[in-house]
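Each remark here refers to the structure printed beneath this line.
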Amino acid sequence: MTPNAIAENFNTTRQAVSKHLRILTECELVKQEPRGREVYFSLEINKMKEVDKWLEQFRQIWETRFNQLDDVLATLKKQQK
């Protein structure tokens, strides 16, 4: 997609989208491909999978903590009744 096409899907400016795309390109999470006067961006799926794999360790920790918080809140709610 072009930056304009991406910006149309969000409540933000094209300049903000371009800034994010520049950072994502530097991180090699998206690639840019010039086509005529337009530049198209696409995801680098394998890099995104690496990020997802890295985040998984934190996802498990937070899911455990949220489940523990649910248990505490349920206990407190029962005590109030």
Give the number of residues within the range 35-81 that are among the small types (Gly, Ala, Ser) and farther than 30 Å from ARG14 by Cα.
1
Based on this model, can you work out whether LEU24 counts as among the hydrophobic types (A, V, I, L, M, F, W, C), in the same structural domain as MET1 (by TED's automatic domain parsing) and within 15 Å of THR2 (Cα to Cα)?
yes
Inspect the range 32-40 for any residue being among the aromatic types (Phe, Trp, Tyr), surrounded by 10 or more Cβ atoms within 10 Å (Cβ to Cβ), free of Cβ contacts under 8 Å to residues at least 24 places away in the same chain and on the phi < 0 side of the Ramachandran plot and give the result as yes or no.
no
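Every residue, every condition in (1) part of a helix (DSSP H, G or I); (2) modelled with pLDDT of 95 or more; (3) touching a strand residue (DSSP E or B) at 6+ places or on another chain (Cβ under 9 Å); (4) of a type in the set (A, V, I, L, M), yes or no:
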{"site": "THR25", "(1), (2), (3), (4)": "yes, yes, yes, no"}
{"site": "VAL51", "(1), (2), (3), (4)": "yes, no, no, yes"}
{"site": "GLU56", "(1), (2), (3), (4)": "yes, no, no, no"}
{"site": "VAL72", "(1), (2), (3), (4)": "yes, yes, no, yes"}
Take the residues in the range 1-17 that are surrounded by fewer than 16 Cβ atoms within 10 Å (Cβ to Cβ) and of a type in the set (Gly, Ala, Ser); name whichever of them is nearest to the chain's Cα centre (by Cα).
ALA16
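The values are calculated or read from the model by the stated rules, or taken from the named source; none is laboratory data. On a predicted model such as this, the values are computed, not experimentally measured, just so you know. For neighbour counting, all protein chains shown are included, and Cβ atoms are generated from backbone atoms with ideal geometry for every residue, glycine included.
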